[in-house]
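Some notes on the structure that comes next.
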Amino acid sequence: MDGGASVGDMLPQCQHAPAFEDTRESEDEVKTLMEISRKLCLVEDPPAEPFRSKYKAREALQKARQNLVGQLGQQHGGAGGAEEVTSAAAAAAAGRVAVIDYRLGVIALAVEENSAAQEALDKCADAFFEGVVSKIAAAAGNEEDESHDDLAKDADSPPPPPPPPPIPTEPPAGMVSPCPLAWECPEEAADTLTQLGLLWSARGYPRRSLLYLLASVGFLRQASSSPPPPSAPVPPSTAPARDEAREGENEGGNGNDEGEAVAAGCDGGAGSGDNPTAAEAAAEGSGEGGDSGGDGVGEEEEKRGKLESMLTHVFYYLAQAYGVRDVEQSAKYCALTLQRQLDASQRGDGVKVSFDPGEWSRNACFLADYYSGLGRFTGAGRCLLAAQAVLQPEGSAAAVPTGGKDNASLPPPPPARGKDEGEEKGEDGGNAKSGGDSGGATRAGGGGRETEKVSTANERKREEEEGTEEERERRREQRADVDRHMAKLYITVLQAKHLELGRGGGAGGEFCKVRTREEEEEEEGLVAGFASLGIGELPMCDPAGVPGDFESVRDVFKRAKSHTERALRHYVLDGFVTAHVALHQGLSRAYLYLSGFERDAKRRQAMCTRRAQALEPLLDALARKAYARLHKELSFELGEIYQDLADIKTLRAEEKLKSGGTRAPTALASDLRGANKLLKSAIGFFSHFVAMYHEGDPSGGSAESPSQPAKGMEPDEAVGYLQARFMRARLNGKLRPLTSEKELHALRVSCGEFAWLSEHARGHLKSVRETAGDPGIFEQELELAEEMAQLQRRNIANLEQKLEEKKKIQAK
């Protein structure tokens with residue numbers, strides 16, 4: 001079709017006959033106009049005019065609507081024996097008007113005319129469901145000014161309005177009353193409610209959005225599970241047909257703005273341009289009906305399959321719409337969506353569905369992160385096992401059918417507690433380099449090499465069987481993503497055991513909360529939903545079931561390390577910088593948690609050495625300006641690692657003194673030089689961190705000349721910045737050079753840093769404390785800094801006095 005042709009050249013002229021006997025001809029014109037609109041929506045327009053064909057499609061639909069409205073006006077004059085025929089024809093025309101309004105609304109969303117979309121969809125919604133628009137608006141309450149609740153209020157301000165209604169969690173009872181037309185066109189009726197829900201979500205009206213989506217859920221459940229009630233006598237031949245090309249009309253169903261609001265911060269969110277409307281996805285997922293059978297039973301199964309697919313997509317939208325407003329509900333709908341997608345892909349009822357194992361596994365990983373954040377490790381482990389199972393090649397025990405878009409990309413439910421360093425990128429570490437005292441590292445990570453080789457060989461064989469190179473690369477990335485989430489889970493288990501060790505018991509503490517009956521039932525439902533995959537439970541994924549001895553904790557560490565190394569085969573530094581660094585940081589933390597269970601100082605030192613050898617090359621490889629955040633994270637952690645190494649070195653030297661009696665001066669000097677070298681490395685990394693906030697400062701925020709940080713430091717970074725300066729001051733005070741002059745210099749540097757903290761730190765902490773509502777943030781460190789500044793002044797005075805006496809003696 002020529003995109004430059006005029007609409008008048010393509011559209012037949014609507015000649016309204018004065019008599020009712022010409023209705024059939026008008027119906028043909030309407031069908032022709034709607035078919036033209038359908039084809040226009042399939043045209044791919046040039047970037048300069050992205051909506052040209054859709055505007056023409058809208059013109060065609062508007063002409064068809066005028067034609068139908070004209071028919072309705074003529075039919076009101078019918079009388080006598082033609083009354084029943086007139087009534088049926090009028091009902092058919094009214095139905096088509098409602099469907100055209102729906103299509104006009106969808107086109108308006110696609111061309112980003114949201115006001116026009118709302119107007120058309122409101123008309124359509126009221127035609128399908130009596131008075132639903134006004135009922136939902138009343139139930140949602142006034143959401144206009146709720147975004148301004150945080151503004152400061154004057155003393156003369158009027159009293160605050162009553163609290164808004166709660167966020168709805170159930171379909172509104174009695175609010176949605178389907179008209180006969182809704183049962184004739186259930187797909188359009190349900191999707192009208194869905195599109196309105198997404199539209200209002202984009203505008204920042206969460207309750208109204210959720211009410212529409214929940215209403216769509218309620219209607220779809222009715223329409224897909226039971227026969228519709230008696231409807232108006234709309235002849236089947238004139239019942240509105242589903243638009244087969246809805247994907248062309250809306251290009252994602254909700255328009256760009258709507259999808260961005262619902263899926264804020266999420267990849268592949270609703271309406272992002274690649275995801276279908278619920279009705280379009282149902283049509284695609286169910287195929288074209290050719291394989292459904294030739295009888296009415298097959299058609300009924302196909303129709304029910306489409307409605308079930310639409311319900312799955314509305315669950316997906318609800319998972320996003322709840323977001324941070326109700327994380328439990330968000331996770332609930334995320335799990336429901338995954339279960340329904342999996343069940344639909346494995347049904348043998350003849351209804352074709354599309355299923356993308358990669359997207360499904362990705363969403364299962366997000367859900368696992370959420371469960372892990374709540375301390376529900378068993379559910380998290382099962383999600384990850386399911387994610388792993390669906391990625392098995394076709395023909396294996398756990399393989400499921402593959403296909404297109406039926407499972408949309410769900411957002412990660414918000415974490416139950418604050419994000420850790422790796423955020424959602426994966427908390428694994430890397431393959432630490434070997435070096436120095438390797439005994440402890442070998443003990444911690446040794447074993448399983450033959451199993452790893454066999455596993456690698458199996459993976460390569462499996463990849464060779466998976467089609468094109470592009471498909472194999474995609475599968476490698478998907479499996480690597482599951483591996484990094486598994487490693488993240490095991491590292492969280494290690495963290496829980498580490499905290500338990502620090503408290504002297506407690507079965508994982510905050511990570512292992514007592515589960516409610518509802519949570520247990522939800523996990524049982526999750527297991528039932530994934531039972532067809534033949535999965536069990538992920539071993540050692542629950543801290544409550546892991547003994548607190550070194551050997552048991554080391555087994556958890558080995559699993560974390562193995563999954564990390566598998567993920568790192570794909571997430572290499574060249575191309576996956578953030579993920580690669582996060583993996584190494586995760587393994588570094590795994591060594592840290594394991595070292596708490598190791599009593600041998602030499603082995604703990606080896607574990608710290610592995611951590612440093614894994615992270616230090618990354619700091620050298622990354623550009624300072626391009627990866628400033630990673631430079632800060634890595635330099636701070638390396639400062640902590642070398643500080644721990646210095647403490648262990650000092651402890652080992654003290655133990656040797658106690659056990660071996662008097663040692664040769666050269667041996668003591670060697671231990672002293674080793675400890676000083678480690679302390680200087682720690683000071684250097686903390687100085688690197690501090691200097692990141694002093695760009696343009698000639699001193700670079702050095703300890704020798706303490707200065708204010710450059711402008712632009714975010715309030716939430718103030719504590720880390722001050723902590724680094726505090727540690728640097730403390731480490732300078734620990735240095736024990738072999739000469740008194742160098743020791744005096746180190747003490748002066750330490751004293752100056754402590755004095756700077758005592759004088760300036762509270763000013764940097766003011767906004768942080770106000771925001772957190774906690775005036776005690778960093779207060780203990782500041783009190784200690786004041787004491788240390790006074791102590792260092794006395795030490796400096798004493799050392800200066802000794803040096804003066806020494807000079808006098810030497811002069812004599």
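Testing F51 on (1) modelled with pLDDT of 85 or more; (2) under 21 Å from E187 (Cα atoms), one condition comes back false. Which one is that?
Unmet condition: (2).
Confirm whether K658 is more than 21 Å from L568 (Cβ to Cβ), touching a residue at least 12 places away in the same chain (Cβ under 8 Å) and either assigned to a helix (DSSP H, G or I) or acidic (D, E) (or both).
The answer is no for K658.
Among the candidates F636, F597, single out the residue that is in contact with a helix residue (DSSP H, G or I) (Cβ under 9 Å, 6 or more places away or on another chain), part of a loop (DSSP other than H, G, I, E, B) and over 26 Å from R474 (Cα atoms).
Unique residue meeting the criteria: F597.
Write out, first by first residue and then by second, each pair whose Cβ atoms fall under 6 Å of each other, whose residues are 6+ apart or on separate chains, and whose first residue, in region 294-307, is modelled with pLDDT under 80 while the second is of a type in the set (S, T, N, Q).
Within 6 Å, the pairs are G298/S292.
Each row is one residue, and each column tells you yes or no for (1) buried (at least 19 other Cβ atoms within 10 Å of the Cβ); (2) closer than 22 Å to P709 by Cβ; (3) out of contact with any Leu (no Cβ under 8 Å at 6 or more places or on another chain); (4) acidic (D, E).
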{"position": "G752", "(1), (2), (3), (4)": "no, yes, yes, no"}
{"position": "G773", "(1), (2), (3), (4)": "no, no, yes, no"}
{"position": "F778", "(1), (2), (3), (4)": "yes, yes, no, no"}
{"position": "A797", "(1), (2), (3), (4)": "no, no, yes, no"}
{"position": "K802", "(1), (2), (3), (4)": "no, no, yes, no"}
{"position": "E805", "(1), (2), (3), (4)": "no, no, yes, yes"}
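Somewhere in region 341-357, is a residue of a type outside the set (A, V, I, L, M, F, W, C), under 21 Å from R221 (Cα atoms), modelled with pLDDT of 85 or more and surrounded by 19 or more Cβ atoms within 10 Å (Cβ to Cβ)?
yes
The values are calculated or read from the model by the stated rules, or taken from the named source; none is laboratory data. In this text, all values refer to a predicted model and were calculated from it rather than measured experimentally. Reconstructed Cβ throughout: ideal geometry from the backbone, glycine too, with neighbour counts over all protein chains shown.
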